[in-house]
Each structure stands twice: as structure tokens, then as C-alpha cells.
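S.K.: Take this structure, written in C-alpha cells, and hold onto it; I'll ask about it next.
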Amino acid sequence: MAVINTDTIVIGAGPVGLFQAFQLGLLSLNTHVIDALPEAGGQCVALYPDKPIYDVPGVPVCTGRELAQLLLAQARPFLPRDDASGQITNLHLNDQVASVQPRADGGFDVATRQGLQFHCRAVFVAAGAGAFVPRTLNLAALEGAANLHYHLPEAPATIPWAGQHLVIAGGGEEALSAVAALLDVPANASPVAITLLHRRDQFQAEPALEAQVRAWIVQGRIKLALGVPSGADIQDGRVTALHILGADGVTQALHLDHLLVRLGLSPKLGPLVDWGFRLDRKQVSVSPDSFQSSATGIYAVGDINTYPGKKRLLLCGFHEATLAAHHALAQLKPDQPQHLQYTTTSALLHQRLGVAS
């Protein structure tokens with residue numbers, strides 16, 4: 001695979017990471033954004049997509065999902081889409097940065113778990129509390145199973161379990177929301193049967209959602225299986241059944257065609273701890289005037305960083321991203337005059353944004 005050359009890499013596609021990409025683009029620094037989740041928006045979309053946010057400047061109220069869409073729209077001049085696929089060409093989702101290695105001639109070699117290779121001149125870590133990865137069932141037998149899933153497909157046409165028996169593991173908002181979403185897809189993309197698997201007959205979700213799911217159970221639209229997975233049957237690289245230990249101490253086989261695990265997300269620092277900068281209680285220590293870490297050329301913005309007086313607020317993350325971008329520009333282009341320009345009056349910024357002056 002060819003190495004991708006870019007000025008900067010942004011690790012994290014949450015609100016602060018998306019605004020970081022906008023600020024870098026505004027300063028004519030091209031960037032690629034990498035995130036472990038299948039959708040941009042970070043924890044705002046992954047954890048509370050429909051809950052209101054009230055403290056974004058100039059936006060009296062919006063949901064987490066709406067905020068992500070607004071930030072994507074704002075950054076669109078610097079996150080272009082492919083005309084054929086509609087995908088953002090420099091936004092890499094469902095992937096994680098595996099290594100960041102300083103280069104002898106300056107800059108960094110960045111590699112991801114999906115095999116992407118980058119040469120960049122600066123790295124911006126906007127990973128929130130870490131990379132949000134799905135919680136698992138902790139069954140070694142399931143590792144690598146081809147029919148094990150953690151996310152809903154982006155489009156109904158790509159649903160792999162159409163016409164088959166799907167088991168959804170979990171009893172929280174994520175699992176119950178998945179049930180609701182899958183009962184709402186077209187018939188030709190719907191599973192022939194859905195079983196909701198949870199350790200006990202108690203859910204943790206919004207009352208209205210729980211009531212709806214319980215009504216579907218009574219109506220027979222979905223089945224409920226109670227117990228703790230204790231093992232699995234694997235055949236030809238696919239899980240064919242889970243061994244479920246019930247409250248009565250009896251283990252039964254739950255046969256399935258596909259398994260969708262929806263137990264929520266857990267933030268992990270992962271390889272970030274090996275990238276050579278100073279950490280303070282699992283956060284990256286930065287200088288508050290530049291938000292550069294102890295490793296020259298690596299910046300940290302948003303919830304992942306710490307410094308005296310730090311406040312873990314979105315608006316603070318936006319401020320940090322702005323100062324970090326300007327500091328990086330001065331370091332990467334020292335011979336370029338550092339004139340502060342304003343989007344209200346600058347013809348150059350209008351040109352970069354693609355708007356008429």
C-alpha cells in the first residue's frame with residue numbers, strides 16, 4: 001500500500017478533532033483524520049447522540065449527532081468527499097493508529113491497524129478519554145469469528161444478517177436501540193429472527209425504549225434469552241452457538257447465524273502510552289500556550305490533555321485546537337509571515353473556504 005504524505009494527522013474524529021481539522025485547513029495545512037469508531041462524532045455520537053448539548057457558543061441547543069454534522073459541514077472544504085462513493089477521502093473510520101515513529105529527517109511515520117501508512121510533519125491527538133472500543137463478551141473462542149459484529153451497518157443494503165437469526169447481546173441503551181433499528185429496516189434486509197441476550201431480566205435504557213422492547217417481546221417480534229455466555233461453538237471460523245449459563249445453574253446452547261455484541265464502549269489509551277510523551281494520570285501533559293506535548297511535533301487537544309487550570313469542556317477543546325494549529329503552522333512554516341487573519345474579511349481565507357469574497 002502506498003504511503004500517504006500529509007502535513008498533519010489528527011487522531012480522533014470527535015467534535016474537537018473535527019474542529020482541529022477545520023483550523024488546520026484554514027491555515028492551509030492538509031490533514032488526515034483517523035478514528036476507531038465507524039462514525040464521526042466521538043463520544044457525542046457514540047454515547048449520547050440524541051441528548052441535548054447547551055454550551056456550544058452560538059448554538060443554543062443541539063444533540064450530539066447534530067453537533068457532529070455541523071462540524072463536518074464546517075470542515076467540508078478540508079474534508080472533501082469522493083464524487084462516486086460520497087465518502088470523505090481523508091477521514092479514516094473503523095481504524096486506530098498503531099504506531100507513531102519520529103523520522104530522522106523530521107516529522108513522523110504513522111501506521112494504523114488497518115495497514116495505512118503516513119508520512120506527516122505533526123500529529124494532533126484529539127482522542128478524548130482514549131479510543132472508544134466495544135466491550136466484548138470476554139470469550140476467547142469468539143476472537144476473529146467472521147459473524148461477530150459490534151456495530152450496525154451504515155446502510156440497510158449492507159446488513160449481513162438479512163433473513164437469518166441474529167442474537168443481540170446486551171441490556172443497555174445500545175442493545176435496545178439496535179433492536180429498534182433492526183425492526184425498522186425493510187423486510188428484505190431484516191433478520192428472520194432476533195434474540196436479545198442479557199444476563200438478567202433488567203434493562204438499563206430510557207423508560208420509553210424499554211417499554212417498547214418489552215412490548216415486542218410480548219408480541220413475539222423478538223425473543224429474550226437470559227443468562228451469561230460461558231463458551232461458544234465455532235465452525236469454519238464462525239460462531240454457531242453460545243453456551244448460556246442460566247440462573248438455575250444449567251447451561252443451554254443458543255444457536256445463531258450472527259452475533260451482534262452491544263455492551264457499550266470503553267475508552268482505551270492503547271499504544272498512545274508508547275509514543276514518547278509525558279502522561280499524567282492517563283492524560284497527555286501539554287504546554288497551555290501551544291498544547292504541544294513533551295514530544296516536539298505532537299499536540300494533544302480536548303479531554304485527552306491536561307495542564308494547570310484544565311477544564312474538560314467542549315468550548316475549551318475548540319480553543320485548544322485553534323492555538324495548537326497556529327503553533328504548528330509557525331513550526332512547520334517558519335519562513336512564512338504569521339499574520340492573524342479573520343474569516344470575516346480575509347480574501348485568502350475565503351478562497352480556502354470556497355466562498356465568494
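Values quoted throughout were computed directly from the atomic coordinates according to the rules given, and no laboratory measurement underlies them. Small disclaimer: the values here were computed from a predicted structure and weren't measured. We place every Cβ from the backbone using ideal geometry, glycine too, and count neighbours over all the protein chains shown.
S.K.: Remind me, relative contact order of the chain in percent, using alpha carbon pairs under 8 angstrom and six or more residues apart?
M.R.: Relative contact order, the chain: 19 percent.
S.K.: Quick one: compute the contact order of segment 136-263, relative version, from alpha carbon pairs under 8 angstrom and 6+ residues apart, as a percent.
M.R.: Relative contact order of segment 136-263: 35 percent.
S.K.: Still on this structure, I have one more. Under a 10 Å cutoff between Cα atoms, tell me which one of Ser177, Ser290, Ser85 has the largest fluctuation in the Gaussian network model of the chain.
M.R.: For the chain, modelled as a Gaussian network with Cα springs under 10 Å, the answer is Ser85.
S.K.: Between Ala84, Ala180, Ala189, find the one with the highest GNM mean-square fluctuation for the chain; connect C-alpha pairs within less than 10 Å.
M.R.: In this elastic network of the chain, the residue with the biggest mean-square fluctuation among Ala84, Ala180, Ala189 is Ala84.
S.K.: Follow-up. Treat each spin label as a single point 7 Å out from the Cα along the C-beta direction, and report the Leu183 to Val250 distance in nm.
M.R.: 2.8 nm
S.K.: Give the peptides 248-255, 259-266 in descending order of average Cβ contacts within 10 Å, highest first.
M.R.: Ranked by mean Cβ neighbours within 10 Å, highest first: 259-266, 248-255.
S.K.: Under the Karplus relation 6.51 cos²θ - 1.76 cosθ + 1.60, θ = phi - 60°, what is the ordered set of whole-Hz ³J(HN,Hα) values for segment 17-34, x standing for Gly and Pro?
M.R.: x, 5, 5, 4, 4, 5, 5, 5, x, 4, 8, 6, 10, 6, 8, 10, 10, 10
S.K.: Once every DSSP H run of n ≥ 4 in the chain is given -39500 (n - 2.57) and the sum is divided by its residues, what mean residue ellipticity at 222 nm do you get, rounded to the nearest 500 deg cm²/dmol?
M.R.: Only helices count here, giving -6500 deg cm²/dmol.
S.K.: Additional query: Excluding the sites themselves, what is the longest stretch of the chain that contains no chymotrypsin sites (Phe, Trp or Tyr not before Pro) in a DSSP loop with at most 14 other C-beta atoms within 10 Å?
M.R.: With a cap of 14 other Cβ atoms within 10 Å, the longest stretch comes to 55-341.
S.K.: For a quick check: with amide H placed at 1.01 Å from N, whose amide H comes under 5 Å from Gly172's, ignoring anything fewer than 5 positions away on the same chain?
M.R.: Gln204
S.K.: How far is helix 207-219 tilted off the main Cα axis of the chain, in degrees rounded to 10, range 0 to 90?
M.R.: 30 degrees
S.K.: Compare Ile222, Ile194, Ile234 in a GNM of the chain, Cα atoms joined below 10 Å, and give the one with the largest fluctuation.
M.R.: Most flexible of the set in this elastic network: Ile234.
S.K.: Specify the inter-centroid distance of segment 40-116 and segment 182-247, based on alpha-carbon positions, in whole Å.
M.R.: The two parts, judged by their Cα centres, are 31 Å apart.
S.K.: For the residues Asp335, Asp274, what sequence is obtained by ranking on other C-beta atoms within 10 Å, fewest first?
M.R.: Asp335, Asp274
S.K.: While we're on this one: Label Asp201 and Gln74 with points 7 Å out from Cα along Cα→Cβ: what is the distance between them in nm?
M.R.: Reported label-point gap for Asp201 and Gln74 is 4.9 nm.
S.K.: Now for a separate question. Amide H neighbours of Phe124 under 5 Å, counting only residues 5+ apart in sequence or on other chains, H built in-plane at 1.01 Å?
M.R.: Sorted by chain and number, the residues that satisfy this are Ile9, Val10, Ile11, Tyr299.
S.K.: If you don't mind, there's one more thing I want to ask. If you plug each phi of segment 340-352 into the Karplus form 6.51 cos²θ - 1.76 cosθ + 1.60 with θ = phi - 60°, what whole-Hz ³J(HN,Hα) values come out, in order, with x for Gly and Pro?
M.R.: With coefficients 6.51, -1.76 and 1.60, one gets 6, 10, 10, 5, 6, 10, 7, 5, 5, 5, 4, 5, 5 Hz.
S.K.: Between beta-carbons, use under 14 Å as the cut-off and find the net charge around Val33, counting Lys and Arg +1, Asp and Glu -1.
M.R.: -2
S.K.: Cα axis of helix 314-332 to longest principal axis of the chain: angle in degrees, 0 to 90, nearest 10?
M.R.: On a 0 to 90 degree scale, this one is about 50.
S.K.: According to a simple spin-label model (label point 7 Å from Cα along Cα-to-Cβ), what is the distance in nm between Val192 and Thr89?
M.R.: 4.4 nm
S.K.: Could you size up the charge dipole of segment 136-263 around its Cα centre, putting +1 on the beta carbon of Lys and Arg and -1 on that of Asp and Glu, and report it in debye to the nearest 20?
M.R.: 220 debye
S.K.: Any chance you could give the angle, 0 to 90 degrees and rounded to 10, that helix 64-74 forms with the longest Cα principal axis of the chain?
M.R.: Rounded to the nearest ten degrees, it is 40.
S.K.: Output ³J(HN,Hα) for segment 44-56: one whole-Hz value per residue in order, computed from phi by the Karplus curve 6.51 cos²θ - 1.76 cosθ + 1.60 with θ = phi - 60°, and x for Gly and Pro.
M.R.: So the J values, rounded to whole Hz, are 4, 8, 6, 10, 9, x, 10, 8, x, 10, 10, 10, 8.
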